[in-house]
Every structure is written in C-alpha cells, then in structure tokens.
Amino acid sequence: MASSDALRVVEDWISEHYFTSDAANETFHKRVVDRRKEWDAAEEPTSWSRLTAARGELLAAMSALYPDATSGETLTNGDAAGPQHQPTLVDDDLRDAAANLYTALRTVLGYQTGEFHQEGDAPVRRYGARRLAEMPLAIVEAAPVQTLEDLFIKKAPTLLEPWTPLEEGEPLVSVSQALSELFAPRGDAPAASFALVMAGRWLVVTEGSRFQQGRYLGVDLQTVLERSETKRGGELDTALTCIDAQSLAPDPDGAIWWSDTLEDSSRHTAGVSEDLREGVRTSIEIIANEVVSPPSRPGPSAACRRPGPAAGPAGPAVPVPDPLPALRRGLPAAGHPAGRRSRVRRRLLGGPAARPAPGAAHQPAGPPGHPHLPVPRGAVPAHRPGTQ
C-alpha cells in the first residue's frame, strides 16, 4: 500500500519501506493481504465484517466527539500544584460519549468476543490468552484529541479519567504517564508488551521498548472510515490489520502477531541495508579501478611518424622515434612536425633560437644560418649591440 496520511509511522516504529512497499513477498502489504484472505474465507463474523457493518454508526459517534473545530486541540500541561488542580479536557457528556465509542470499538475489533481473559476497568484494561497468566496487552482509554502531538503532552489530562495503578499512589492523568507505568511498573504488576490507545478518531499502537524511544504507530480511523477504500490490501485493510485483536492480543500459545511482524521488519531492513552497502562498495571499486588503471593511451598516429626508408634487401627499416615521452614533458619530439614548426617559427620571428653566439658576425639578410629565408613582412630584425 502506498503511503497514507491516515497511517503515521512515528520515529521508525516499523521500517517505512517495509510498511509501504507493494511487493508481494516479505512486506507488511503481504501480511495484510493474507489477513484479508482469512477474513474473506471465514464463515463466522470477523473484524472486517463487523467494521464495515458498523461504519456509519462509528463515524457518527466519532464526529460527535468533536463538536467544533477546536475540540481536542489545546491541552494544558500540569504544574507543581498536582493533578487535582489540572483542567479537565472533556466534560461528563463528552466522556460518556467517548466511553460508548470505545466499547463499540473493542467489540468490533474482536476484543470482547470471549476469546481473551480481561482484567481491570476504565481507563486501563489488560488482556491475555485464556489459561495463561500473562496479560501482555493493555487498552488505554484517552480523551479525544485532534493530533497525536496533543495526545502525548507529558502531564496534560489526556486520560479519559484518572487512573490509580498503586493503592497508595497518586492518580495518573496523562497517557504518557499511564504507558510508562504499564511498560515499567513500579509495583509488582507484570509489565505489558503492547498497548492500544483509543483517543477519539486516533488509535495508537505501541510497544514497551519502542515507546521509551518515542516510537509508535498512529491510525486516524475516522479518516480511514470516511474514505472506505475496501479493495484488498488497501488503506482500510491495512488500518484494521494494525489494530485488530488478531494482531495485538495473544493467541492461545501466548504469541503476538505484532511481535513477529516487527522482527520481520527488522530482518527486511537489514537485508535492504546490506544490498545498499554492497551497491556502494561495488561503485567505489569501479571508480577506484578507473583512477588507478586509466584506459590505455593510443600509440603514435600516422601524422606523428617521420617516414623513413623502406626496408631493403640490405637490412631493416630505420626506427621511428616515439614522440610520447617528449609530449608528456610538454616538449616536441625529435623529428616531430610540431618540433620543426616551432623552431622555424622562433627563427622567423627573431626569438631566442635566432640569436647568434657572442662574437658571431651579424647577418641582416635573414635569420642566422638561413640567409636564404626572407624576413617576414612587417618584421624588424632585432638590434644587437655591436651592429650598425
């Protein structure tokens, strides 16, 4: 599935490439398609069938939690006065409406089917497999918020109602405090492995070690239901797979689908990284080989060769000087036309090569040693000391 603004991966909760790739194998999309096939083949009601049947009621209930454009937007941090003096985020009517929505969502998503053992009450409930003592999943009820950033303000009253996990402790009022207590409890209660936070239109999936690093997955269920993209492997399938009880609650053996999925994502990321490293290494080797071993230079061309006598019956042909060593030093090679032309040019223009040795007789008719060569038109022979 292509990237969706209704599904937010925060701080690499899961590999972005793994989560959004449409590849048929070793991707989140493959797992979503497999889950949809299970839903389609099931004879009993499933999360898919319950969600699509209740779509209208759920949308109406979510819209009622946001009576105006600013509902759930501005939250106030707690101060030193303590939680009892913090402003409440929702009134009683809105709290009841949210609680009713969350009850409907737990039923639709498969948490209230009787398959799981449940402990606790609002705003925090723990879930585990029957006949097993562990309760690895927590569902947290939060106040409706507009943005995920509002939900995780540290001391804001974002829980639907205060929660007191310890008998003698102070009540916790924020989602951040509640999740910290669930994943790293101060008392004897076992730590949770995963949590699902219900916050109005937003449902948040997180895991113990990842939450400490600020990593989680946010699902804007209201937007997903409004779009209602029902094609196999589409946005609705992906969102429902993320928050479904089949994904977050333990199976009869205690295994959790999300645990295996996150491990698969890590393996996928390691494979992609290895492919990238191999590609970079190969590119560097190619560039290095071109620098160390440049393409071979062509031999002297026919224009650079001085013709010599052909080999006769008496012996081999006269060797032709190779001009390349001299050319590399910036000098014309012996016998090279460029060398002959440059010497003639210097002599014609009266350059250094045309200067006679000290004491030599002046020859005004032409360049020294070449009286048969005329002085070029416009050229004035250089005056030398001792000449008339």
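Observations on the structure shown:
- Residues located in the stretch 13-35, provided they are touching a Ser or Thr at 6+ places or on another chain (Cβ under 9 Å), outside any helix (DSSP H, G or I) and either among the β-branched types (Val, Ile, Thr) or over 23 Å from TRP48 (Cβ atoms) (or both): TRP13, ILE14, SER15, THR27
- Any chance THR158 is on the phi < 0 side of the Ramachandran plot, of a type in the set (Val, Ile, Thr) and modelled with pLDDT under 95: no
- Considering the stretch 1-21, the residues that are in contact (Cβ under 8 Å) with a residue 40 or more places away in the chain and exposed (fewer than 12 other Cβ atoms within 10 Å of the Cβ) include one that is nearest to GLU229 (Cα to Cα), namely ASP5.
- Taking the stretch 194-290 as the region of interest, the strands (runs of 3 or more DSSP E) fully inside it that hold 1 or more residues being under 21 Å from the mean Cα position of the chain (by Cα) and modelled with pLDDT of 95 or more are 202-207, 216-220.
- Of the residues making up the stretch 100-153, those that are in a loop (DSSP other than H, G, I, E, B), more than 22 Å from TRP48 (Cα to Cα) and of a type in the set (A, V, I, L, M) are ALA122, LEU132, ALA133, MET135, ALA143, VAL145, ILE153.
The values are calculated or read from the model by the stated rules, or taken from the named source; none is laboratory data. All figures in this text were calculated on a predicted structure; none of them were measured in a lab. Note: ideal-geometry Cβ built from the backbone for every residue, glycine included; neighbour counts use all protein chains shown.
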